[in-house]
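Here is the structure we will look at.
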Amino acid sequence: MSSKLRLTFLLFAVGASLCAAPAAFDFVPLAIDGKPAPLAAYRGKVLLIVNVASHSTLAPQYQGLEWLYQSYQKEGLVVLAFPANNFGQEEPGTNEEIRQFAQKFKVTFPMFGKLSASGDDAAPLYSFLTSKDANPTTAGVVRWNFTKFLIGRDGKVVARFEPDVDPKAPELVSAVEKALSADTTAKPPTVQASVTK
């Protein structure tokens with residue numbers, strides 16, 4: 001096999017493996033109205049994915065999440081709320097009841113249908129977010145409501161914040177600003193080949 005052919009094959013294999021790596025944009029959860037809502041619609045945006053619960057003592061974080069969304073939406077941040085009833089039965093309502101509850105906080109960010117954020121029945125998106133293989137630095141089970149995953153413009157998890165971290169906390173705001181300013185445009189590898197005459 002010639003060296004040019006080997007190099008071409010190697011570049012193709014590396015490119016294919018990079019393309020095959022899962023990203024948050026690969027998932028299609030249901031919106032709060034029950035219709036499929038592909039996360040690919042947010043490609044190129046920074047996402048803050050949060051498992052929410054109406055009956056949680058942390059429910060006032062909806063207000064902080066809305067503040068964060070309004071403050072950084074123009075720069076490309078989208079807050080995505082995923083109701084889950086995994087912890088303390090704090091989200092027993094229907095999707096419509098959840099939507100109505102969120103309106104108490106004047107929520108304008110996207111709301112999704114109730115799912116499982118933890119356990120054997122975890123939704124595929126949450127299996128990805130908590131996977132040690134896909135996200136070794138932020139992996140681990142979701143332990144309670146209002147766990148926050150920050151997703152970069154490339155669809156990769158860049159940070160995780162536990163429920164006690166308020167949406168207005170300096171470390172979360174700083175991480176959002178850093179993710180928004182990150183340059184994630186893929187640059188193809190530069191290959192220099194000598195030309196022989």
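Note on the range 47-62: among residues that are without any contact (Cβ under 8 Å) to a residue 60 or more places away in the chain and polar (S, T, N, Q), the one that is nearest to Leu172 (Cα to Cα) is Thr57.
Residues of the range 27-76 being of a type in the set (D, E, K, R) and surrounded by 16 or more Cβ atoms within 10 Å (Cβ to Cβ), which ones? First the steps, then the outcome.
Step one: of the range 27-76, the residues of a type in the set (D, E, K, R) are 33, 35, 43, 45, 66, 74-75.
Correct list: Lys45, Glu66.
Counting only residues that are without any contact (Cβ under 8 Å) to a residue 40 or more places away in the chain, of a type in the set (D, E, K, R) and part of a loop (DSSP other than H, G, I, E, B), how many does the range 69-103 have? The number of residues fulfilling the criteria is 0. In this entry, Val142 is excluded by the filter for residues that are surrounded by 19 or more Cβ atoms within 10 Å (Cβ to Cβ), closer than 24 Å to Lys35 by Cα, touching a Phe, Trp or Tyr at 6+ places or on another chain (Cβ under 7 Å) and among the β-branched types (Val, Ile, Thr).
The residues of the range 166-187 include none that are surrounded by 19 or more Cβ atoms within 10 Å (Cβ to Cβ), over 14 Å from the mean Cα position of the chain (by Cα) and among the β-branched types (Val, Ile, Thr).
Laboratory data are not the source of any read-out in this text; all were calculated from the coordinates shown. Owing to the predicted nature of the structure, the values given are computational and were not obtained by experimental measurement. A quick note on method: Cβ atoms are made from the backbone with ideal geometry, for glycine too, and the neighbour counts reach across all protein chains shown.
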